[in-house]
2 protein chains.
Amino acid sequence: MRVALIQQKSYPTKQQTIDKTLYMITKAKEQDANLVILQELHQDRYFCINESIKNFDLANDFENDLKFWSKVAKDNKIVLVTSLFEKRVAGVYHNSAFVFDSDGSLAGKYRKMHIPHDQGFYEKFYFTPGDLGFCPIDTSVGRLGVLICWDQWFGEAARIMALKGAEILIYPTAIGWFDSDSEDEKKRQLDAWITIQRSHAISNSLPLVSVNRVGFEKDDKNLIDGIRFWGNSFIVGNQGEFLKQASSDKEEIILHDIDLKRCEKIRQIWPFFRDRRVDFYDELNKKFLS
Amino acid sequence: MRVALIQQKSYPTKQQTIDKTLYMITKAKEQDANLVILQELHQDRYFCINESIKNFDLANDFENDLKFWSKVAKDNKIVLVTSLFEKRVAGVYHNSAFVFDSDGSLAGKYRKMHIPHDQGFYEKFYFTPGDLGFCPIDTSVGRLGVLICWDQWFGEAARIMALKGAEILIYPTAIGWFDSDSEDEKKRQLDAWITIQRSHAISNSLPLVSVNRVGFEKDDKNLIDGIRFWGNSFIVGNQGEFLKQASSDKEEIILHDIDLKRCEKIRQIWPFFRDRRVDFYDELNKKFLS
């Protein structure tokens, strides 16, 4: 499996942003990628930077978006992981990943389960939490454990994907810094973001890819200055070891050949799955135990 | 809370090993430590390096060991985390942590829940898996989430400790390299060991300490050459950031002041506990989902 991560900026219009994505997909295809992964909500600026009713209109073309990306997958003969603003019905919108196989068919979808809501990341305003659970998606290149951004902080999500046979963990993401934070705090945040995801690779003996956007996006409501998306898209192997990592400020295509068979060897030398104490894990389904 | 981690070697006899531990505890106390943490099975060499019936005799003095370490805690006026070979009854032995409060009273015990069994680490031969679950231990310096070594690879254990109000995660450990492994593999193993534990600090917004032994211990059955325990005992903060880290080959006392109140601030800016999807976590109590 040759995976390509498309780390990019958003441009003034949806069309310009998509044009850049298409250009980068073409470049990835020229280098024989057969699995291409786009960043979270890659068609637009990160509109959840504030709460605005008019932003729901961004989901009005959702059905056409699906057809469009299906054709992109088919035309390029690639398995394509997209991240779209899903309009399910009036009043029910999701932050969803749609995976198209290389013939353009819809291989499956994942609706973001863990929804953040913090200064600059007002997702609970827009998105109904996913109701499909954590289910890997079967494709012609493998069984993909697709999760989205905030999910990456929850080991439970990665674990369930692994228990259902995911062969790789995939995180389209939109995360960045506030310029007002100290350099130390920025370093802690980036390091924590990388570390928590590497830990899912380690604990499940799976390769993992995370695709983040870059560039500064201004808050058009001026509640904050804006978000400086920190890039750093990366690929780690079954022991959490770095295979590739992008810069914090440039558009980049990160490519790597991933051997899905290595999982078996690592799980034999690090047999975590053998030893899980499932007889004592029921407490994990509580919010707190006081 | 001023915590001290005692990273040490094992010596030819139990008495010599304990004498060194006592010397290091005295040094830690001179620097005003009020919580001292010893490494896994600190009274002896790591006897699980092979399977030998005669090693069960090492637990014969268990009741006296308890009295001894209780007195050490009382004499030094410290909260003391010990790691002992617990003889519960003929045929039932545990790998257990006993925590003594600064008045010498037994604050609580934790029996290792996840038991490894691999070349050089034959613990399933010696230890009955713990039957007490994951329960933090209340002491005069705080509520301690004590886990042991192999537990560190399982996010489930750390999470349940946190859900039960643990204020710090603590891992007495005995882990090392085989000299026959490549330098790359050694690096991946050490890095994975550090990363997985940092991830528990991050996902639970808790400080974390890990105490590992150092030194080469030969396999007296010559099934393998031996284990080179890699030290690297460390302390990280609530965002997984490094506060202190020991060397890979020297006996060391690592001291640090930990602010248990910082957890609240971090959980407010990173509200992971708010967003856990406990309605979809029941699957975690399965060995595999096929």
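Taking the DSSP beta bridges with both ends in chain A, the antiparallel portion is around 70 percent. When residue B:56 is represented by a point 7 angstrom out along its Cα-to-C-beta vector, the spacings to that point in the other copies are 6.9 nm, nearest first. Net charge of the neighbourhood of residue A:128, taken over other residues with C-beta under 10 Å away and scored Lys/Arg +1, Asp/Glu -1, is +2.
Over 31 Å apart at the Cα level, from the set A:77/A:250; A:109/A:261; A:74/A:221; A:87/B:265, are A:74/A:221; A:87/B:265. The residues of chain A expose, per residue, 37 Å² of accessible area to a 1.4 Å probe. Take the accessible area of A alone and of B alone, subtract that of the pair with a 1.4 Å probe, and the total buried over both chains is about 5400 Å².
Is the protein assembly as shown rounded, prolate or oblate when judged by the Cα gyration tensor, a ≥ b ≥ c being the square roots of its eigenvalues, rounded requiring a/c under 1.5 and prolate requiring a/b larger than b/c? Verdict is prolate for the protein assembly as shown. Computed from the alpha carbon positions, the gyration tensor of the range B:2-285 leads to an equivalent ellipsoid with semi-axes of 27, 22, 20 Å, biggest first.
Relative to the isolated chain, which residues of the range A:191-216 have their accessible area cut by 10 Å² or more in the presence of all protein chains (1.4 Å probe, heavy atoms, no ligands or nucleic acids)? Those are A:191, A:192, A:195, A:196, A:198, A:199, A:202, A:203, which lose 10 Å² or more relative to the chain on its own. Each other copy places its own label point for residue B:29 at 7.3 nm from this one, sorted shortest first, where the point lies 7 Å along the Cα-to-beta carbon line. Around residue B:232, under 15 Å between beta carbons, what's the net of Lys plus Arg minus Asp minus Glu among the other residues? Result for the local shell: +4. How far is the Cα center of the range A:222-290 from the Cα center of the range A:95-125, in Å? First find each Cα centre; the distance between them is then 17 Å. Other residues within the sphere of radius under 12 Å centred on the Cβ of residue A:145, judged by their own Cβ, net out at 0 (K and R +1, D and E -1).
The mean sequence distance of close C-alpha pairs (under 8 Å, at least 6 residues apart), as a share of the length of chain B, puts its relative contact order at 18 percent. Label point of residue A:245 (7 Å along Cα→beta-carbon): distances to the other copies' equivalent points are 1.2 nm, sorted ascending. One chain, two ends: residue B:67 and residue B:180. Fully extended at 0.36 nm per residue, the span grows by 36.6 nm beyond their Cα-Cα distance. Apolar share of the accessible surface for the range B:2-285: 51 percent from carbon plus sulfur atoms, 1.4 Å probe. Between A:210, A:199, A:96, the Gaussian network model of chain A with springs among Cα atoms under 10 angstrom shows the greatest mean-square fluctuation at A:199.
The values are calculated or read from the model by the stated rules, or taken from the named source; none is laboratory data. Only a predicted model underlies this, so the values are computations on that prediction, with no experimental measurement involved. Neighbour counts run over all protein chains shown; Cβ positions are idealised from the backbone, glycine included. To get the accessible areas, we keep the full protein, side chains included, count just its heavy atoms, and leave off ligands, DNA and RNA. Shrake-Rupley method; radii C 1.70, N 1.55, O 1.52, S 1.80 Å.
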